[in-house]
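The values are calculated or read from the model by the stated rules, or taken from the named source; none is laboratory data. Here the structure is a predicted model, which is why all the values come from computation and not from measurement. So basically every Cβ, Gly included, is an ideal-geometry build from the backbone, and we count neighbours across all protein chains shown.
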Amino acid sequence: MTIPENFKSKVAITHITTATAIVDIDGVKFITDPIFDEAPKSHDRSHVAGLSPGEFFPTLQKGPAISIKQFPIIDCVLLSNEDHIDNLDETGRQLLIGRRVITTPDGAKNLSDHPGTCAIKPWQTLKCQLGGEE
């Protein structure tokens, strides 16, 4: 991958677990798909497997590399699926409080109780103020 000569931003990416990463662009910090539940943790995912409630409980065997209390202030949450436990778990939901959340239209509808949530459609560009930067 060739970086354009006129690209001057400072970018750092820290992988946490599965789809969770912290992306720092010029000091503005994003987190993707926050999952931070401690292991072992079981979740009823029966509906995903087409089963009756209570029939399918996969168990998280290993927690994230760091805990939710160990990382920097997050300016924005980038969320691909608010209804998938491997993209947003109970502990990760704490990060939605008081932050800008950018997610799918369905996700924004389902997270309407979080005032900083906004929807973005495929191939749409969204501009917003984060950390004093646009």
* Asked: Taking the stated definitions as given, is residue 95 assigned to a helix (DSSP H, G or I) and in contact (Cβ under 8 Å) with a residue 24 or more places away in the chain?
  -> yes
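Conditions tested, residue by residue: (1) over 15 Å from the mean Cα position of the chain (by Cα); (2) of a type outside the set (A, V, I, L, M); (3) under 16 Å from residue 130 (Cβ atoms).
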site: 10; (1), (2), (3): yes, yes, yes
site: 33; (1), (2), (3): no, yes, no
site: 70; (1), (2), (3): yes, yes, no
site: 83; (1), (2), (3): no, yes, no
* **Residue count for the range 72-81, restricted to those that are closer than 16 Å to residue 108 by Cα and in contact with a Lys or Arg (Cβ under 9 Å, 6 or more places away or on another chain)** => 2
* For the range 12-30, what are the residues that are over 13 Å from the mean Cα position of the chain (by Cα) and hydroxyl-bearing (Ser, Thr, Tyr)? -> 14
* Asked: What are the pairs, 6+ residues apart or on separate chains, where a residue within the range 45-64 that is under 15 Å from residue 87 (Cα atoms) and modelled with pLDDT of 70 or more has its Cβ under 8 Å from a residue that is acidic (Asp, Glu) and surrounded by 10 or more Cβ atoms within 10 Å (Cβ to Cβ)?
  -> 63/37; 63/38
* Asked: Name the residues in the range 1-44 that are modelled with pLDDT under 90, surrounded by 15 or more Cβ atoms within 10 Å (Cβ to Cβ) and of a type in the set (D, E, K, R), would you?
  -> 37, 41
* Asked: In the range 107-118, which residues are more than 20 Å from residue 28 (Cβ to Cβ), in contact (Cβ under 8 Å) with a residue 12 or more places away in the chain and either surrounded by fewer than 18 Cβ atoms within 10 Å (Cβ to Cβ) or among the aliphatic types (A, V, I, L, M) (or both)?
  -> 110, 111
